[in-house]
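Step one of this worksheet: look at the structure below.
The values are calculated or read from the model by the stated rules, or taken from the named source; none is laboratory data. Just so you know, these numbers come straight off a predicted model, no measurement behind them. Reconstructed Cβ throughout: ideal geometry from the backbone, glycine too, with neighbour counts over all protein chains shown. Protein only, heavy atoms only, side chains kept; ligands, DNA and RNA dropped before computing areas. Shrake-Rupley method; radii C 1.70, N 1.55, O 1.52, S 1.80 Å.
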Amino acid sequence: VNPTQPLTAPMWALPGSKRSSAEIVRFLEENCDVISFHCYGGPKSMESFIQALKPLDRPMVCTEYMARPHSTFQDILPILKRERVGAISFGLVAGKGNFYFPWGSKKGSPEPKVWHHDILRPDGTPYDAAETALIRRLTGPAR
């Protein structure tokens, strides 16, 4: 098709794992200009994903990673920064999408004590001030 923009599609399971289709993973490895992946596991899972994808020698972006309590900014962002892997957080401000609710929550459930994705309340205040301070510190200008 002769695309003019870099191509990517996310890997959602480690190559060679039971959850990955060898055919799809091979296609992505051969055709993506940028390697993107989803990893909702903790630090060990993130490290495994990064190490498995490094040999492809292409830029990497983790397109989904934060899902409290499975993975947290405190556990994952330092790894991504150290490994120079881009990151996209799913959910920002609690709103119509209800991304602060855990997967499988029932309609009408009360606000969970531990939010799942979102970072800010609708008025802009942080769900967790320590979290937003960490995000600012790790993603701010280099010093």
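Some observations on this one:
- Of residues in region 120-136 being farther than 15 Å from GLY91 by Cα and touching a helix residue (DSSP H, G or I) at 6+ places or on another chain (Cβ under 9 Å), the one surrounded by the fewest Cβ atoms within 10 Å (Cβ to Cβ): ALA130
- With respect to (1) more than 19 Å from THR132 (Cβ to Cβ); (2) open to solvent by less than 20 Å² (accessible area, probe 1.4 Å), the lone exception for PRO43 is condition (2).
- Subset of region 107-129 (residues that are in contact (Cβ under 8 Å) with a residue 24 or more places away in the chain and either more than 25 Å from GLY41 (Cβ to Cβ) or small (Gly, Ala, Ser) (or both)): ARG121, PRO122, GLY124
- Residues in region 25-40 that are exposed (fewer than 14 other Cβ atoms within 10 Å of the Cβ) and free of Cβ contacts under 8 Å to residues at least 24 places away in the same chain: ARG26, PHE27, GLU30.
- Qualifying residues in region 79-88 (those that are part of a loop (DSSP other than H, G, I, E, B) and of a type outside the set (Lys, Arg)) - the one farthest from ILE119 (Cα to Cα): VAL85
- Condition check for LYS81: basic (Lys, Arg), surrounded by fewer than 15 Cβ atoms within 10 Å (Cβ to Cβ) and in contact with a helix residue (DSSP H, G or I) (Cβ under 7 Å, 6 or more places away or on another chain): yes
- Going through (1) assigned to a loop (DSSP other than H, G, I, E, B); (2) farther than 20 Å from PRO10 by Cα one by one, ILE135 falls short only on (1).
- Screening region 37-78 for residues that are among the β-branched types (Val, Ile, Thr) and in a strand (DSSP E or B) and picking the one that is nearest to HIS117 (Cα to Cα) gives THR63.
- Among the residues of region 55-66, those identified as surrounded by fewer than 18 Cβ atoms within 10 Å (Cβ to Cβ) and not β-branched (Val, Ile, Thr) are PRO55, LEU56, ASP57, ARG58, PRO59.
- Taking region 89-101 as the range and being surrounded by 13 or more Cβ atoms within 10 Å (Cβ to Cβ), touching a residue at least 24 places away in the same chain (Cβ under 8 Å) and not in a strand (DSSP E or B) as the test, the residues that pass are SER89, PHE90, GLY91, ALA94, GLY95, TYR100.
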